Ligand code: B1M
């Protein structure tokens, strides 16, 4: 029977066909979609990050691993999204300006959809003005900013500044991504920080609770 560690290795080494096969097999064996994400796929990308840091692999290998992960997420997405929940709130998500990483952002997006929110995903490299325009257009209650590079943390800070300066009533801004911490979130005036997709769901529920 397939093991979670095999899926971790397949994604870390960018083996697309094996990633897809193992995802299907592990699902058939009774693993939940979220356990495949948290216990196999995310650890696979962490291995890739470590190897890149040690100069053992380079951008093309990172890209190939990211493609394998995305293919697996295509299978898991419909399963993660609960069917038939009528969205109560609209939330916006995107990766900040200058940053092209989207796998973590896509995971948050999926989990928020699964939690019953209507999600408007602005993609990557999103300017502060685009976030604001989307929030106004969709009358959103929550905006999620993702950043994976230390060099794009200033863009996150600027986006929070622009969104807060606009003074849109009831609009909350939450942040996350590998280099982001609670301390940084507090410093830039964000309403919340989540370290991972599960916490991002809890955070959104907490901030959007009627009493909030
Ligand atoms: Co990039 N990259 N990359 N990369 N890349 C990192 C982030 C890096 C840490 C690798 C390393 O050196 N170890 C490093 C950043 C170093 C730093 O800033 N300190 C790095 C670098 C340097 C770069 C380039 C500059 C490389 C170059 O060109 N020389 C370049 C920058 C391009 C750009 O954005 N302008 C670059 C490019 C790329 C690829 C295009 C090849 C590819 C991205 C493909 C894609 O996303 N479509 C890529 C990849 C794959 C990575 C690593 C290996 C994996 C990222 C990932 O998808 N992780 C990454 C190393 C690493 O993170 N270990 C790395 C899996 C994902 C599920 O996790 O995105 O962290 P993550 O999301 C998590 C949490 O962070 C959190 O929840 C998610 C689920 O748990 N989270 C949120 C994320 N957003 C959130 C928002 C929230 C809440 C939680 O609320 C709204």
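For (1) more than 16 Å from the chain's Cα centre (by Cα); (2) on the phi < 0 side of the Ramachandran plot; (3) within 15 Å of the ligand (Cβ to nearest atom), each residue gets a yes or a no:
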| site | (1), (2), (3) |
| --- | --- |
| 11 | yes, yes, yes |
| 27 | yes, yes, no |
| 56 | yes, yes, yes |
| 66 | no, yes, yes |
| 76 | no, yes, yes |
Unmet requirement for residue 81, which otherwise passes all of (1) surrounded by fewer than 17 Cβ atoms within 10 Å (Cβ to Cβ); (2) over 22 Å from residue 148 (Cα atoms): (1)
Segments classed as helices (runs of 4 or more DSSP H), wholly inside the range 31-132, with at least 2 members that are in the same structural domain as residue 18 (by TED's automatic domain parsing): 33-36, 42-53, 59-80
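The values are calculated or read from the model by the stated rules, or taken from the named source; none is laboratory data. Remember, it's a predicted structure, so these values are computed and weren't measured experimentally. Every residue, glycine as well, gets a Cβ built from its backbone with ideal geometry; the counts of neighbours run over all protein chains shown.
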